[in-house]
Amino acid sequence: MAKLVLKNLYKRYPNKRNKEQNDFAVRNFSLECDDGEFVGILGPSGCGKTTTLRMIAGLEEITAGDIFICDARVNDLHPKDRRIGLAFEDYALYPPLNVYDNIAFNLRAKGVSETNIRAEIMRIAPLLKIDDLLGNRPVSLSGGQKQRVNIARAIIRKPQLLLLDEPLSHLDGKMRQVLRTEIKRLHKEINCTTIIVTHDQLEAMSLADRIAIMQDGQLQQYGTPLEVYNNPVNEFVAGFIGEPPMNILTVIITESEGRFFFTFQDNDFRIAVPEDYYPVVRSGMTVRLGIRPTDLLISPQEKGSAAVRVAVFENLGEECRVSIKAGEEFLTLTTTDEIRYRPGDIIRLEVKAGRTYLFDPVSGDRIWGESR
Ligand code: ADP
Ligand code: MG
């Protein structure tokens, strides 16, 4: 178990594959993970997650910045001396060796005695539910089983840090769910500071104590799942966290009889601006308005609601999604009501009090209301 601190990390690849993107794969990335914490690094493909993990492990040279494990600077420490367990998305098991020998491989290379290796494997195998598979070759294992062996191999050396890079991305839906739960349990049992890298927000939200959200090599926000969901600092984070994603539309602030309204383009539909925002809005201002699909309600009453026409209705079994057209874009809400709508039906929309987000249309930064 160890505390990990990343300070202003940069990575520039000399042979950058994608010249179009900014020069640095990782830029000014700082992060602190507490002893025993489970941290998720979340972001779209190519944003620098794997590069960050490889720098922590010592597999990639750091262009600038510092890494501390247990308060010791490890920049110049050899990967094998960092006591890190690594499991990448491709399992890379040795095909001719059975599961037992695959797990034992690195311990044998380090000269650990067969007695101790056996004791360790017998300790780890039940944790990952692979006790029955020890004699099997990798070719006979399912994807989920291979990933379990892969993780067993990573934790057998009792690392002080466990790094998991998209461990579930090759698995199908059901298996992902099962292994996700197992990883959570495993983390509780071995109590090892763990970083999981993923592009799947649901995975990060369900596993991690805190999530670091990255875009273009830069940290956007670091917080608990609830913090990043409820208080995203910018439009990128707001749009990345949540399923179905937050509705984020361009609206103009209009004023009528001393009250402000979010007015949708090419549409007579408008929503009252909560008074919290009065100090930060003015008439004629363009903002990006964010509303989560669960925060839009179909209202039984006229007061405080707006009449709109249903454009799309999807029945997903447990919930339904209703979309209305707002200019060129769609505004979607989820409901668990029994009522089935048809395109063209008129409904009345209401926004849950205090559940709107405003973003600057140029910078994407959150515009905060008074209640902050
Ligand atoms: P992620 O894991 O978030 O998908 P990566 O860390 O793999 O992202 O990559 C971040 C950026 O660095 C990408 O633009 C990628 O093309 C580039 N990159 C990654 N590895 C190399 C490399 N060995 N050489 C050059 N560019 C690389
Ligand atoms: Mg990656």
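Computed from the coordinates by the stated procedures, all read-outs in this text should not be read as laboratory data. All figures in this text were calculated on a predicted structure; none of them were measured in a lab. Ideal geometry is used to build each Cβ from the backbone, glycine not excepted, and the neighbour counts take in all protein chains shown.
Looking at (1) outside any loop (DSSP other than H, G, I, E, B); (2) away from ligand 2 (no atom under 15 Å from the Cβ); (3) of a type outside the set (A, V, I, L, M, F, W, C), can you tell me which one D35 breaks?
Of everything listed in (1) outside any loop (DSSP other than H, G, I, E, B); (2) away from ligand 2 (no atom under 15 Å from the Cβ); (3) of a type outside the set (A, V, I, L, M, F, W, C), D35 misses just condition (1).
Quick check, is L86 more than 23 Å from F240 (Cβ to Cβ), within 15 Å of ligand 1 (Cβ to nearest atom) and aliphatic (A, V, I, L, M)?
Yes: the conditions hold for L86.
So which residues in the stretch 173-198 are touching a strand residue (DSSP E or B) at 6+ places or on another chain (Cβ under 7 Å) and either within 16 Å of ligand 2 (Cβ to nearest atom) or part of a helix (DSSP H, G or I) (or both)?
Answer for the stretch 173-198, where residues must be touching a strand residue (DSSP E or B) at 6+ places or on another chain (Cβ under 7 Å) and either within 16 Å of ligand 2 (Cβ to nearest atom) or part of a helix (DSSP H, G or I) (or both): H187, I195, I196, V197, T198.
Read through the list (1) in contact with a helix residue (DSSP H, G or I) (Cβ under 8 Å, 6 or more places away or on another chain); (2) free of Cβ contacts under 8 Å to residues at least 40 places away in the same chain; (3) not basic (K, R), then give the number of the only condition that L77 fails.
Answer for L77: the failing condition is (1).
Against the condition surrounded by fewer than 19 Cβ atoms within 10 Å (Cβ to Cβ), more than 30 Å from N116 (Cα to Cα) and either within 14 Å of ligand 1 (Cβ to nearest atom) or among the charged types (D, E, K, R) (or both), how does G65 come out, does it pass?
no
In this structure, is A326 touching a residue at least 12 places away in the same chain (Cβ under 8 Å), touching a strand residue (DSSP E or B) at 6+ places or on another chain (Cβ under 8 Å), small (G, A, S) and under 16 Å from P244 (Cβ atoms)?
Answer is yes for this residue.
Tell me, please, whether a residue that is in a strand (DSSP E or B) and of a type outside the set (D, E) can be found in the stretch 362-369.
yes
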